[in-house]
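Take a look at the structure set out below.
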Amino acid sequence: MQTKFRSFMAQALDEARAAGARGEVPVGAVVVLGDTVVARAGNRTRELNDPTAHAEVLAIRAACAAAGSERLPGHDLYVTLEPCPMCAAALSSTRIARLYYGAADPKSGGVAQGPRIFSHPQCHHVPEVYDGIAASDAETLLKAFFADRR
């Protein structure tokens, strides 16, 4: 029996909008198990004075705490922007099953751009990767955010 795909990118975009409203770069992430959102977060690097407080890392931390494990097999991550190298490495370490992301990040991406973390032989786990999910919505948020600051 084939199940119908359900995207959770709308929830990730909500987290991105909330991050932008806090003055953070508008990136949002949601961790899902089956049809249940188990964690969600937006960037908080400025608020927490923490360069690792990317949306993906915060959502992974919350999901791991909820699961009581450092690994998240069977979980999916939806994020509005292509993960950076740090976040891609974290996704590999947590054994996320699938990564869905919106906008590509030619400047700082680590999945399809730049170092392409998942293609390295040292990468012990490679999730299924699906890009371009609601990419135009994510790009619009990011462009508006940076246009307001220039």
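Checking 95, 46, 71, 61 one by one, the residue that is touching a Pro at 6+ places or on another chain (Cβ under 7 Å) and among the basic types (Lys, Arg) is 95 and no other.
Applying the criterion of at least 3 residues that are open to solvent by 20 Å² or more (accessible area, probe 1.4 Å), at negative phi and modelled with pLDDT of 95 or more to the strands (runs of 3 or more DSSP E) found wholly in the range 3-86 leaves 36-42. Within the range 90-127, the set of residues being open to solvent by less than 40 Å² (accessible area, probe 1.4 Å) and not in a loop (DSSP other than H, G, I, E, B) comprises 90, 91, 92, 94, 99, 100, 101, 102, 103, 117, 118. Looking across the range 1-54 at every residue that is of a type in the set (S, T, N, Q) and free of Cβ contacts under 8 Å to residues at least 40 places away in the same chain, the one that is nearest to residue 89 (Cα to Cα) is identified as 52. When the range 13-32 is limited to residues that are in contact with a helix residue (DSSP H, G or I) (Cβ under 8 Å, 6 or more places away or on another chain) and of a type in the set (A, V, I, L, M, F, W, C), the one that is nearest to residue 146 (Cα to Cα) turns out to be 25.
Candidates in the range 128-150 are the residues that are more than 14 Å from residue 12 (Cα to Cα) and open to solvent by less than 80 Å² (accessible area, probe 1.4 Å); of these, the one that is farthest from the chain's Cα centre (by Cα) is 147. What are the residue pairs meeting all of these: first residue in the range 87-113, first residue within 9 Å of residue 125 (Cα to Cα), second residue open to solvent by 50 Å² or more (accessible area, probe 1.4 Å) and modelled with pLDDT under 95, Cβ atoms under 9 Å, and 6 or more apart or on different chains? Every condition considered, the pairs that remain are 92/124; 93/124; 95/124.
The values are calculated or read from the model by the stated rules, or taken from the named source; none is laboratory data. Not measured: the values here are computed from a predicted model. Cβ coordinates were reconstructed from backbone atoms using ideal geometry, including for glycine residues, and neighbour counts include every protein chain displayed. Side chains included, ligands, DNA and RNA excluded: accessible areas come from the protein's heavy atoms. Shrake-Rupley method; radii C 1.70, N 1.55, O 1.52, S 1.80 Å.
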